[in-house]
Amino acid sequence: LNDYARKHGILKADDKNLTGEDTREGLCAVISVKLKTVGVTVGGVDISACSGTGWTYDPDTQVLTISRGNLTVSGANDTTVAPDLSIVADEQTPSLVIEDLTLISGAKAGLLQTKADDTTLTLVGTSTISASDTVTGASAGIITSLNPLTVRGNGRLTVTNNGTSGYENAVRTR
């Protein structure tokens, strides 16, 4: 900084050098960080925000947990950001709206899991849930419900097992 200040006439040749304290005082920086988004939204908020009203997302495990009914899940997951994304509707979630969702995942425990005593999935638009080719040793179903599962609505849902995943069923309920 001293060389720059002398070169540009800010400090004269006989002026004392600037000290560390001189340079730190008033120093500020603008740091801009762009986080990659997952592409899947809950109630219009990308899950890369990690939490919202009635939901949380853990980027380490790539599990989106829905803990309140009547939330809408939509969008398409970016498989470079969340290649093993799974959605879990917990015991407190009796209903979930799937709207124009595209989920391609390598999750082994089921890509969509419901745990409530009785869950209703409402379909809006066209949605696809697919096991990626990278899944091996998976069990249960791509959509797994521990209890009765009701699917309703005017939408369409395609569930695809890409052959090598090892999933026993596309949809599995008790």
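Here are the numbers:
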| quantity | calculated |
| --- | --- |
| Carbon/sulfur fraction of accessible area - the chain, other protein chains in place, 1.4 Å, % | 49 percent |
| Compactness of the range 38-112, expressed as Rg and Dmax over alpha-carbon positions, Å | 10.9, 31 |
| Separation between Cα centres of the range 1-37 and the range 111-132, rounded to whole Å | 56 Å |
| Mean accessible surface per residue for the range 39-96, computed with a 1.4 Å probe while every protein chain stays in place, in Å² | 42 Å² |
| Surrounding net charge for GLY52, when Lys and Arg each add one and Asp and Glu each subtract one, Cβ distance under 12 Å | 0 |
| For VAL151, residues with placed amide H under 5 Å, excluding near neighbours | LEU121 |
| Option label - Cα extents along the principal axes in Å computed here, alternatives (i) 86, 34, 25; (ii) 46, 39, 32; (iii) 67, 47, 29 | (i) |
| Residue-level accessible surface for LEU35, protein heavy atoms, 1.4 Å, Å² | 130 Å² |
| Hits among aspartates and glutamates - C-alpha to C-alpha of LYS34 under 14 Å, sequence gap 8 or more where chains match | ASP46 |
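The values are calculated or read from the model by the stated rules, or taken from the named source; none is laboratory data. All values derive from a computational prediction rather than experimental measurement. Cβ atoms come from the backbone with ideal geometry, glycine included; neighbour counts cover every protein chain shown. The protein model used for the area step is the full one, side chains on, heavy atoms only, and it has no ligands, DNA or RNA in it. Shrake-Rupley method; radii C 1.70, N 1.55, O 1.52, S 1.80 Å.
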